[in-house]
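S.K.: Let me begin by handing over the structure; questions about it come next.
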């Protein structure tokens, strides 16, 4: 099998690492990739949104399967363009990818399918939105309707904070067109879980759950980020809750999308809140999470490649995956200044010592090479994963490996896993 992974972050490094282990694989590319993906794949200098160039490359190089990592190329229609030339893509059509591209679309699907979720309203006018918030009070959640790279959600503890989010998104245009309209919803109370399912349009199989740490500071303080670390499996998410999530959220969503003529194939990421009334849907995404992928994929015992192919071929009805009975915990090392303006091109020490820690893996995201030296090139730079028989062992392993990375300009949270281990 000849496979092309699309993306350049830690999630794509983890995907390349997992796919490279498949005996079915004969050639692996990553576009555009990073120095970490280059350890397993041949990097190709094509951007994730250059759909035409990606499709041309896949056709010219007889690619059998394309695996998009981020959401942007899926929303832009890469799966449709590949289908037009007869190349399999483990990802949804642009129509189905609206689950992530539009918060309103997700809410409409949830309501039509009877999926438990927060009460909500959509707004296209800032003053009407502010008036709604004043009448409803806080806490309340303000979401930009469009893609905002993880920065389009504000959980407002006060009316003033919600009004400021509306001003930022709709008046100041801090997120561009993503804030043209807003979804404002009730604030759900509970623990948040990232749950993943592999779907073939009709059937779905569980890909496991993880618990992310969105805030930049210890104790979940400070501004939201793309994620500062995660662990899997989260002890709070029991097998019974997984069964309920598949029955009440994932399968109804698949059925409703199929009913509307937009069957969903690929990775369905359900952001859940575990409330007193059971799991409720916060949002859907249409790809693996990052940093969740970096602690999910090391737990997968089965070959990832045939599973992705089965999703493309509609053959998941009788497909099963095996998982290692181990825990994994990932810690993000970010550049100073993140999630604001990060320091760029700071030198990273050798990663060999971290990678030598038994049970540890280092996935690169915001890195590049300048004159042969590995340097930072973004906000989240490395994701260091530790594995162990227990979550405590996985945490200890991850932080031993983090301690082996010499990078004075970097920082990380020291409490990843605190909910489960506190």
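The values are calculated or read from the model by the stated rules, or taken from the named source; none is laboratory data. For clarity, every value in this text was computed on a predicted model and none was experimentally measured. No Cβ is skipped: glycine too gets one built from the backbone with ideal geometry, and neighbour counts run over all protein chains shown.
S.K.: Taking residue 274, is it at pLDDT 95 or above and within 16 Å of the chain's Cα centre (by Cα)?
M.R.: No.
Results for (1) surrounded by 22 or more Cβ atoms within 10 Å (Cβ to Cβ); (2) on the phi < 0 side of the Ramachandran plot; (3) in contact with a strand residue (DSSP E or B) (Cβ under 7 Å, 6 or more places away or on another chain), shown as yes or no for each residue.
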| residue | (1), (2), (3) |
| --- | --- |
| 309 | no, yes, yes |
| 347 | no, yes, yes |
| 353 | no, yes, no |
| 385 | yes, yes, yes |
| 394 | yes, yes, yes |
| 402 | yes, yes, yes |
| 414 | no, yes, no |
| 419 | no, yes, yes |
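S.K.: Can you find a residue in the range 144-167 that is assigned to a loop (DSSP other than H, G, I, E, B), more than 17 Å from residue 106 (Cβ to Cβ) and in contact with a helix residue (DSSP H, G or I) (Cβ under 7 Å, 6 or more places away or on another chain)?
M.R.: no
S.K.: Here's a follow-up. Would you check which residues across the range 195-224 are buried (at least 22 other Cβ atoms within 10 Å of the Cβ) and either in the same structural domain as residue 163 (by TED's automatic domain parsing) or not in a strand (DSSP E or B) (or both) and list them?
M.R.: Answer for the range 195-224, where residues must be buried (at least 22 other Cβ atoms within 10 Å of the Cβ) and either in the same structural domain as residue 163 (by TED's automatic domain parsing) or not in a strand (DSSP E or B) (or both): just 213.
S.K.: Residue 293: within 18 Å of residue 12 (Cβ to Cβ), in a strand (DSSP E or B) and in contact with a helix residue (DSSP H, G or I) (Cβ under 9 Å, 6 or more places away or on another chain), yes or no?
M.R.: For residue 293, the condition - within 18 Å of residue 12 (Cβ to Cβ), in a strand (DSSP E or B) and in contact with a helix residue (DSSP H, G or I) (Cβ under 9 Å, 6 or more places away or on another chain) - is not met.
S.K.: Please indicate, with yes or no, whether at least one residue in the range 21-30 is modelled with pLDDT of 95 or more and assigned to a helix (DSSP H, G or I).
M.R.: Scanning the range 21-30 turns up no residue that is modelled with pLDDT of 95 or more and assigned to a helix (DSSP H, G or I).
S.K.: Here's something else I'd like to know. Going by the structure shown, is residue 389 modelled with pLDDT of 95 or more, outside the structural domain of residue 15 (by TED's automatic domain parsing) and within 19 Å of residue 38 (Cα to Cα)?
M.R.: The answer is no for residue 389.
S.K.: Given the residues 252, 239, 235, which is the only one that is outside the structural domain of residue 363 (by TED's automatic domain parsing), closer than 25 Å to residue 422 by Cα and in contact with a helix residue (DSSP H, G or I) (Cβ under 6 Å, 6 or more places away or on another chain)?
M.R.: Of 252, 239, 235, the one residue that is outside the structural domain of residue 363 (by TED's automatic domain parsing), closer than 25 Å to residue 422 by Cα and in contact with a helix residue (DSSP H, G or I) (Cβ under 6 Å, 6 or more places away or on another chain) is 235.
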